[in-house]
Amino acid sequence: MLDLSCIFKEIFKNIKEEVKHMINAKLNNGVLMPIVGLGTFRSKTEDVYQAVLDAIEAGYRHIDTAMIYGNEEAIGKAIKDSNIPREELFITTKLWNSDQGFDSAKKAFNLSLKKLGLDYIDLYLIHWFKGYELAVSSYKAMEELYNEGKIKAIGVSNFNVHHIMKLLEECDVVPTVNQVETHIALQNEFLQEYCESVGVKLEAYAPLMSQNINDLLNDETMNDIAKKYNKSVPQIAIKWLVIRGIIVIPKSINKKRIIENFDIFDFELNKDDMANIKKLNKAKKLFPEFDNVPF
Ligand code: NDP
């Protein structure tokens, strides 16, 4: 007789695998990173606690913070109060510029760990490029922490091709991620192509154009596409990045918008719409150029 329970088990296993593939990016060391996470830059301590709880309730399992945001403690408290098993969450934090260097990087890492109330970090990034020497010494400290199991994946942020090439030359662990400003007006096709050629995933910050969000919300092409799919402009902007295989971390402290930004897994954009969004690139940078960071 046909064993239906076996067939159903197999079907559920396949569905589970497919969903896992859809909602996660696989990093070069095999670690799965949820492709949509919650950004928390400019999220004040008093707002971020509830935002993280709202995000977790909406299905997010990935939170992006940084020492310099000053909200690691509040985020740590929300993580604890959410009662979600630690291994189901993916937490990123970043090494600030003035903490770069071998010993100071380790010290800063341990402080972030303590503030977050965690015993490991999923992804630790060098926040900005501040010269080759500091990048290499900081990264070597991160490699040691990675080998000790205190970090699941290490990477960089605001690094250009030549910065990554230097790390590849001098260090042992290939960075898993490069987190850079990426949105419809700054599409980073070339940087993505280079990063992927050496095993580095691109992660988009400011995916909604940050403080210039009105440029995105008022864009005619984006509004036409949004209407067509019965979605909002931010949802189209996030989906377009996800389809490109880019990890995305939209920030919001508003429950409705937090839910909206995660509700992007039930539709696809067709080739023509992807191509129309591609035409919106203006190489328009809102954040400092990587080789000339004034802070
Ligand atoms: P985003 O592009 O995510 O835009 C955030 C802005 O959009 C906020 O004003 C937010 O307001 C608003 N917003 C969010 N969702 C919606 C929506 N659905 N409809 C209308 N408005 C919306 O900018 P960020 O600069 O915050 O970038 C995202 C994250 O990337 C940061 O939070 C941070 O984690 C990271 N980042 C990293 C940097 C780096 O150097 N590595 C630099 C900058 C950011 P509201 O909260 O009121 O909803």
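Structural remarks
- The chain: calculated mean residue ellipticity at 222 nm from DSSP helix runs of at least 4, using -39500 (n - 2.57): -14000 deg cm²/dmol
- Each Lys or Arg adds one and each Asp or Glu subtracts one; over the other residues with Cβ under 11 Å from the Cβ of Ala58, this totals 0.
- Taking every protein chain into account, the 1.4 Å probe leaves His21 with about 150 Å² of accessible area, to the nearest ten.
- Phi angles of the stretch 279-290 translate, via the Karplus equation with coefficients 6.51, -1.76, 1.60 and θ = phi - 60°, into HN-Hα couplings of 5, 7, 4, 10, 6, 9, 9, 9, 10, x, 5, 4 Hz per residue; Gly and Pro are given as x.
- Residue order for Asp64, Asp272 - accessible surface, 1.4 angstrom probe, largest first: Asp272, Asp64
- Where the chain is the region considered: accessible area per residue in Å², 1.4 Å probe: 48 Å²
- Heavy atoms of Arg42 accessible to a 1.4 Å probe, total area in Å² rounded to 10: 120 Å²
- Residue pairs exceeding 23 angstrom between C-alpha atoms, taken from Lys166/Lys279; Lys130/Lys166; Lys114/Lys201; Lys77/Lys152; Lys20/Lys201; Lys16/Lys271: Lys166/Lys279; Lys114/Lys201; Lys16/Lys271.
- Solvent-accessible area, 1.4 Å probe, carbon plus sulfur percent, for the chain: 53 percent
- Solvent accessible area, Å² - Lys239, 1.4 Å probe, full protein context: 10 Å²
- Largest GNM mean-square fluctuation among Val36, Val173, Val156, using the chain with Cα springs under 10 Å: Val173.
- Which of Lys13, Lys115, Lys256, Lys231 is most accessible, then next, and so on - probe 1.4 Å: Lys256, Lys13, Lys115, Lys231
- For the chain, hydrophobic long helices are taken as DSSP H runs at least 18 Å long by C-alpha position along their axis with mean Kyte-Doolittle hydropathy of 0.0 or more; these are 4-23, 45-58.
- Most tightly packed first, judged by the mean number of other beta-carbon atoms within 10 Å of their residues, the peptides 217-225, 4-12 read 217-225, 4-12.
- Within the stretch 32-189, the proportion of C-alpha pairs whose separation exceeds 29 Å stands at 15%.
The values are calculated or read from the model by the stated rules, or taken from the named source; none is laboratory data. Worth saying up front: this structure is predicted, and the values here are computed from it rather than measured. As a convention, Cβ positions derive from the backbone with ideal geometry for all residues, glycine included, and neighbour counts pool all protein chains shown. Heads up: the accessible areas ignore ligands, DNA and RNA and are worked out on the full protein's heavy atoms, side chains in. Shrake-Rupley method; radii C 1.70, N 1.55, O 1.52, S 1.80 Å.
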